[in-house]
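Worksheet for the structure shown next.
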Amino acid sequence: MNRIRIPLAVTLIVVLVLAAILAPWIAPYAPDETDLANRLQSPSTTHWLGTDHLGRDLLSRLIWGARASLAAVAAILALVLTIGCAVGITAGLVGGWVDAFLMRVCEGFMTVPTLVLALFMIGALGTGLVNVVVAITLSHWAYYARLVRATTISLRNIDYVVAARLAGLTRFGVMRRHVMPILAGQLAVLASLDLGHWMLHVAGLSFLGLGLAPPAPEWGIMINDARPFFRVAPMLILLPGAAILLTVLAFNLLGDALRDRFDPAMATPPS
Amino acid sequence: MLYFLARRIAGLLLLLLVVSFVFFAMLRLGRGDPALDYLRLAQIPPTEAALAAARESLGLDRPLVEQYLTWLDHALRFDLGRSWYTSRPVTQEIAHYLPATLQLAAAAVLVMLLVGVPFGIWAALRRDRWPDNATRILAFIGVSVPNFWLAFLLVLLFSVTLGWLPAIGRDGPTSIILPAIATAAMSACVMLRLVRTSVLGALGEPHLRFARARGLARRTILGRHVVLNAMVPPMTMLGLHVGELLGGAMVVETVFAWPGIGRWALLAIQNRDYPALQGFVLAMTTVFVLCNLVIDLLHAWLDPRVRLGLPA
């Protein structure tokens, strides 16, 4: 199991990313092409996974759905890492009252449950996928800033770094040569473990109707759309949910494997 | 112990104060004109005169800090203003909807402990044998399942197919079972794995050999020296996951038509109902902070080093 984790996770993620990028070419139908004469069809040769309540092809919508979800998660990843590193490195390198102030801000953000904070942000900013991304970013960056700060500080006073400073390396140089490589590993572990979590948040908020507007193909919305037809066509709910599950599973597999590799202290002891 | 408690409470109050100000500022400085939202929800045509009147009556023409202090003054007397949408007092609405959500979250904590702790201990004691491997795979899938989707699966199996449990609503003690499981699933899986790791760690402690040498029964050693010691990390995690459970409960509620705060908050979000949003985030944060205070106290009780402020 341990040996196949990375290949399995990478394969799954590559397939999902390819599906998202190539959606216009590989999806058999347009995602919003309605056909009221053929609504709620079961799987057949024309519609491999059947159709939804407006006669739209389920397979095509699932493929298109990968786009919004993956794009949202990628955007959150980029934003969280940028903000987390910027704040964490500033706090760690400058120190003093700047550090104290930034850490109090982080604590403030960490006092509120993440989903509650995200909901509040959407209330303040308005609904939409971009605002969902902003809301989830704002509710998670603080954890990254704390980690980056802690690593920066612990490395700042380590002997070989002090020696490098004495030898004339600038603060920026220390950051680039000695702190960044170690930070990259830690961030890779933390972020890959969080990707799935963010994915679940995006799906949950879309399901609540706070993300993309309904005709758009998105897994969370598809589940919400299908609720009235739950008993007649459970597949309309089961398949988009399975797509979410599979994506999150792939991210978690990757995160788990990366953690074992980069962070031996946290790894499950070898058996 | 009293000193510890006082210090923690003072810190939390300060944090709540700062957080409430930041949220207040965010809403006021956020997108759009609150007066316009107010008129829309009150269904008053937005003429210049009406806008000016609304700004004055809501105090929006005054400086931000003054607005906040007025709000704080009222909030300290449990007056969070009236919802712009329903025009009922926000405190009253929260008191009406929050208990159902808290009940669901509490039931979820129970499920989490009932599943996570015993199975975690079992997996640790049968390390690398089938109980450990089975719970490992189960937990791995469990942390990846969207809670609202799991809710549908549970309804499909236990309500539609088997007809054992009610699918929606909140009547009778059985109606909470499915929502609680859906809310707790992910946290229970995290708990299970953490308990396993923690128990394995405690099993390797050198003082256990001394306990064996003293002739203590294996049962006593497991109970007093292993399990009790191993409960500290899972408890810290429980505190962190209370937030996750509260959030999860709000999503799961919508599937089961559970009459909690989730639906009310959703309306407030979609309508940009400022007083309701403000009250919502304050109430949820307070609950979260209080739960963590209780966890901290338990922690201090279990671990004397924390109580005395010594390094662990």
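Cα convex hull of chain A: mean projected area in nm², to one decimal?
18.0 nm²
Please report the equivalent ellipsoid semi-axes of the stretch B:1-113, computed as sqrt(5 x eigenvalue) of the Cα gyration tensor, largest first, in whole Å.
Result for the stretch B:1-113: semi-axes of 34, 21, 12 Å.
If packing is taken as the mean number of other Cβ atoms within 10 Å per residue, what is the order of B:58-65, A:188-195, B:213-220, highest first?
Descending mean neighbour count gives A:188-195, B:58-65, B:213-220.
Can you list residues whose amide H is under 5 Å from B:Arg82's amide H, if they're 5+ apart or on another chain and H is modeled 1.01 Å from N?
B:Val90
Please list B:3-11, B:193-201 highest first by mean number of surrounding beta-carbon atoms within 10 Å per residue.
Top to bottom by mean Cβ count within 10 Å: B:193-201, B:3-11.
With only alpha-carbon atoms counted, please give the Rg and Dmax of chain B, in Å.
According to the Cα coordinates of chain B, Rg and Dmax are 24.1, 86 Å.
Enter the mean number of other protein chain beta carbons within 10 Å of the beta carbon of each residue in A:242-250, as an integer.
3
Which residue, A:Arg149, A:Arg259, A:Arg177, tops the fluctuation ranking in a GNM of chain A built on C-alpha contacts under 10 Å?
A:Arg177
Can you list the HN-Hα couplings for the stretch B:160-169, worked out from phi with the Karplus curve (6.51, -1.76, 1.60; θ = phi - 60°), rounded to whole Hz and with x for Gly and Pro?
Residue by residue, the stretch B:160-169 yields 6, 7, 8, x, 7, 10, x, 7, 9, x Hz.
Just in the stretch B:115-178: which trypsin sites (Lys or Arg not before Pro) are loop by DSSP and have at most 11 other Cβ atoms within 10 Å?
Listed in order of number, the matching sites are B:Arg129.
Semi-axes, largest first, in whole Å: what does sqrt of 5 times each Cα gyration tensor eigenvalue give for the protein assembly as shown?
37, 33, 27
Per-residue Cβ counts within 10 Å, from other chains only, averaged over A:208-216: what number is that?
The per-residue average across the peptide is 2.
Take the alpha carbon atoms of the stretch A:66-127, find their center, do the same for the stretch B:8-63, and report the distance between the two centers in whole angstrom.
The stretch A:66-127 and the stretch B:8-63 have Cα centres separated by 23 Å.
For the stretch B:141-186, what is Rg from Cα atoms divided by 2.2 N^0.38 Å, rounded to two decimals?
The value comes to 1.10.
Average partner chain C-beta neighbours within 10 Å, per residue of A:103-116?
Going residue by residue through A:103-116 and averaging, the value is 6.
Evaluate the Debye formula for the stretch A:134-215 with equal point scatterers sitting on the alpha carbons, no solvent, and hand back log10 of I(q)/I(0) at q = 0.20, 0.23, 0.26 Å⁻¹, in q order, two decimals.
Taken in order of the listed q values, log10 I(q)/I(0) reads -0.90, -1.05, -1.19.
In whole Hz, what ³J(HN,Hα) sequence does the stretch A:217-233 give by Karplus (6.51, -1.76, 1.60; θ = phi - 60°), x for Gly and Pro?
Here the 3J(HN,Hα) series is x, 8, 4, x, 5, 4, 5, 5, 4, 7, 4, x, 9, 3, 6, 7, 9 Hz.
Since every read-out is calculated from the coordinates, none of them should be taken as a lab result. What you see is a predicted model, and the numbers here were worked out from it, not measured in a lab. For neighbour counting, all protein chains shown are included, and Cβ atoms are generated from backbone atoms with ideal geometry for every residue, glycine included.
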